[in-house]
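S.K.: This is the structure, below, for whatever I ask next.
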Amino acid sequence: MTEMSSSTWLFVPGDRPERFAKAAASGADEIVIDLEDAVADDYKPTARDAAAAWLSNGGRAWVRINGVDTPWAEADLAALAASPGLRGVMVPKAETARHLAMTGERLGSERGVVALVETALGVHNAYELAACPAVRRLAFGSIDFAHDIDAAENSRSLLLARSTLVLASRVAGLPAPIDGVSVRIQDSEYVAEEAAQARALGFGGKLCIHPAQVSAAAAAFLPSDEEVEWAHRTVAAFTGQDGAVRIDGAMVDKPVFERAQRILARASVTE
């Protein structure tokens, strides 16, 4: 599994090292050790040391470091850069490509940067962020973004921001972006609904804050049995044709054929 195809990204608090292995065994595609929002200021050095220790002793994860405008960001990078298990870092409040490029230089070319877009300025600069060579993927910090623009946190109010990240990712040739967290920890139906809405907009993954959310989120990014069956029939019928064909009373041309191929590619991830 690479971050290109990863659909579930599970946060685990950096000051709870006893949870790191449990998170890794949760079934999530990627683990993100959180040194930022999940950790109180007094415990940030302890959390940083715990993350570096685990990543130096067989653990593998991404790390959400503290923001560039905080007194902990430099120390986070200094402590983590040499950790062999570091997959990359998630940069909160990502707003400038310059800062992301500098972060990438500190990590080296084998590690990536996930730009967590959480502000109006970040969304405004989304195309520049996505074009930064260090950036492997964009992610949406929906809660902080809604707070920043003083809006309700719902699908309608955040539609423009979400679609902007989808378009910016596509233009830059990045994988589809990762949607924000669902705050209802034990409500699998709600998590699945939010993840399905994100997938319908063009997102390719979701941030999770509890292992109980992982399976519901993952399922939402996989095609249904009906979609897979349709895709198989569509590919079979269209292969070798020069023009459009009719399937189930609907016209199928090249763009529809390519959509069917994408569905089968997504389905093959779990096969």
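The values are calculated or read from the model by the stated rules, or taken from the named source; none is laboratory data. Because the structure is a prediction, the values reported are computed rather than measured. Reconstructed Cβ throughout: ideal geometry from the backbone, glycine too, with neighbour counts over all protein chains shown. The accessibility values were calculated without ligands, DNA or RNA, using every heavy atom of the protein model including side chains. Shrake-Rupley method; radii C 1.70, N 1.55, O 1.52, S 1.80 Å.
S.K.: When you look at Ser83, is it open to solvent by less than 10 Å² (accessible area, probe 1.4 Å), hydroxyl-bearing (Ser, Thr, Tyr) and either part of a strand (DSSP E or B) or closer than 30 Å to Ala218 by Cβ (or both), yes or no?
M.R.: yes
S.K.: I'd like the residue in the range 135-150 that is open to solvent by 60 Å² or more (accessible area, probe 1.4 Å) and not in a helix (DSSP H, G or I) and, out of all such residues, is farthest from Trp9 (Cα to Cα).
M.R.: Taking the candidates together, the pick is Asp150.
S.K.: More than 20 Å from the chain's Cα centre (by Cα) and under 24 Å from Val135 (Cβ atoms), is that true of Ala40?
M.R.: So Ala40 fails the test.
S.K.: If you go through the range 185-202 one residue at a time, do you hit one that is within 22 Å of Leu121 (Cα to Cα), in contact with a Leu (Cβ under 6 Å, 6 or more places away or on another chain), in a loop (DSSP other than H, G, I, E, B) and not hydroxyl-bearing (Ser, Thr, Tyr)?
M.R.: There is no residue in the range 185-202 that is within 22 Å of Leu121 (Cα to Cα), in contact with a Leu (Cβ under 6 Å, 6 or more places away or on another chain), in a loop (DSSP other than H, G, I, E, B) and not hydroxyl-bearing (Ser, Thr, Tyr).
S.K.: For the range 54-72, how many residues are over 17 Å from the mean Cα position of the chain (by Cα) and open to solvent by less than 50 Å² (accessible area, probe 1.4 Å)?
M.R.: So the count comes out to 5.
S.K.: Any residue at all in the range 15-32 that's open to solvent by less than 20 Å² (accessible area, probe 1.4 Å), in a strand (DSSP E or B) and more than 17 Å from Gly205 (Cα to Cα)?
M.R.: No, the range 15-32 contains no residue that is open to solvent by less than 20 Å² (accessible area, probe 1.4 Å), in a strand (DSSP E or B) and more than 17 Å from Gly205 (Cα to Cα).
S.K.: A follow-up question, please. Only one of Glu153, Glu189, Glu194 is surrounded by fewer than 21 Cβ atoms within 10 Å (Cβ to Cβ) and touching a residue at least 12 places away in the same chain (Cβ under 8 Å). Can you tell me which?
M.R.: The unique qualifying residue is Glu189.
S.K.: Taking Arg98 and the conditions (1) open to solvent by 60 Å² or more (accessible area, probe 1.4 Å); (2) outside any helix (DSSP H, G or I); (3) of a type outside the set (Phe, Trp, Tyr), which numbered condition does it fall short on, given that it satisfies the others?
M.R.: Failing condition for Arg98: (2).
S.K.: Restricting to the range 197-209, what's the tally of residues that are among the aliphatic types (A, V, I, L, M) and surrounded by 23 or more Cβ atoms within 10 Å (Cβ to Cβ)?
M.R.: 2
S.K.: Which residues, counting only those in the range 101-134, are touching a residue at least 40 places away in the same chain (Cβ under 8 Å) and either more than 24 Å from Leu160 (Cα to Cα) or open to solvent by 30 Å² or more (accessible area, probe 1.4 Å) (or both)?
M.R.: Scanning the range 101-134 gives Gly112, Tyr127, Ala131.
S.K.: Among the listed residues Ala231, Ala212, Ala176, which satisfies the condition of being modelled with pLDDT of 90 or more, assigned to a helix (DSSP H, G or I) and open to solvent by less than 60 Å² (accessible area, probe 1.4 Å)?
M.R.: Of the residues listed, the single one that is modelled with pLDDT of 90 or more, assigned to a helix (DSSP H, G or I) and open to solvent by less than 60 Å² (accessible area, probe 1.4 Å) is Ala212.
S.K.: Next up: Mind listing just one residue for me: the one in the range 215-227 that is part of a helix (DSSP H, G or I) and over 17 Å from the mean Cα position of the chain (by Cα) and, of those, surrounded by the most Cβ atoms within 10 Å (Cβ to Cβ)?
M.R.: It comes out as Glu227.
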